[in-house]
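Peer 1: Just passing along the structure, written as structure tokens.
The values are calculated or read from the model by the stated rules, or taken from the named source; none is laboratory data. Computed from a predicted model, the values in this text were never measured in an experiment. Note that each Cβ is placed from the backbone with ideal geometry, even for glycine, and that neighbours are counted across all protein chains shown. Note: areas computed on protein heavy atoms with side chains; ligands, DNA, RNA excluded. Shrake-Rupley method; radii C 1.70, N 1.55, O 1.52, S 1.80 Å.
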Amino acid sequence: KRSLIRVDFPRPGGVVTSPLVVKGKARGTWFFEASFPVVLVAQNDVVVATGIAQASADWMTEEFVPFTATLEFTKPTHMRAGTLLLKKDNPSGDPARDDVLRIPVKF
């Protein structure tokens, strides 16, 4: 996925706290209307927080575009680990065009 999306923060295996500010770069093709969904899940795919990553430059390109997303959440009480999901925006609904970057995190 490194050729499509790169995340500067959080790093894999890093500890996350609220508010979590996600920063990175993605190819313009990862966005739709300058955004894409971000989901923080705990173990067993329990959704902890959802948000939208927003492009901070022109996204109408195939080049890398910087983005940020802020997720506010309550730390899960009985779960120590989770996954941050950065989902390619897919307005077509075609499952063949779905893509996701999964980053393991700790609470």
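Peer 1: If I build a Gaussian network model for the chain, linking alpha-carbon pairs within less than 10 angstrom, which residue out of R97, R27, R11 has the largest mean-square fluctuation?
Peer 2: It is R97.
Peer 1: Continuing with the same structure: How many lysine pairs in the chain, separated by 8 or more positions in sequence or lying on different chains, have Cα atoms less than 20 Å apart?
Peer 2: For the chain, the number of qualifying lysine pairs is 11.
Peer 1: Still on this structure, I have one more. Ignoring any ligand, DNA or RNA, what whole percent of the accessible area of the chain comes from carbon and sulfur when the probe is 1.4 angstrom? Don't skip to the end; give the middle numbers.
Peer 2: On the way: 3150 of 6350 Å².
Percent of accessible area from carbon and sulfur atoms in the chain: 50.
Peer 1: With springs connecting C-alpha atoms under 10 Å apart, model the chain as a Gaussian network and identify which of T29, T68, T77 has the largest mean-square fluctuation.
Peer 2: Among T29, T68, T77, the largest mean-square fluctuation in the Gaussian network model of the chain belongs to T77.
Peer 1: Could you give the length gained on full extension between Q43 and D99, defined as 0.36 nm per residue of separation minus the Cα-Cα distance, in nm?
Peer 2: Result for the pair: 18.1 nm of gain on full extension.
Peer 1: Around V38, what is the net charge, scoring Lys/Arg as +1 and Asp/Glu as -1 over all other residues with Cβ under 13 Å from its Cβ?
Peer 2: Numbers: positive: K23, K87, K88, R102; negative: E72, D89.
After counting each charged neighbour, the total is +2.
Peer 1: Right, something else. Keeping all protein chains in place, calculate the accessible area per residue for region 5-106 (probe 1.4 angstrom), answer in Å². Write down the numbers at each step before the final one.
Peer 2: On the way: 5910 Å² over 102 residues.
Spelled out: the 1.4 Å probe surface of region 5-106, per residue, equals 58 Å².
Peer 1: For region 57-71, just list the computed ³J(HN,Hα) in residue order, Karplus coefficients 6.51, -1.76 and 1.60, θ = phi - 60°, integers in Hz, with x standing in for Gly and Pro.
Peer 2: 8, 4, 8, 7, 7, 9, 7, 6, 10, x, 9, 9, 9, 10, 10
Peer 1: Out of all DSSP beta bridges in the chain, what portion is antiparallel? Express it as a percent rounded to 5. Display every interim value, and only then the final one.
Peer 2: Details: 34 of 35 bridges.
In the chain, DSSP labels about 95 percent of beta bridges as antiparallel.
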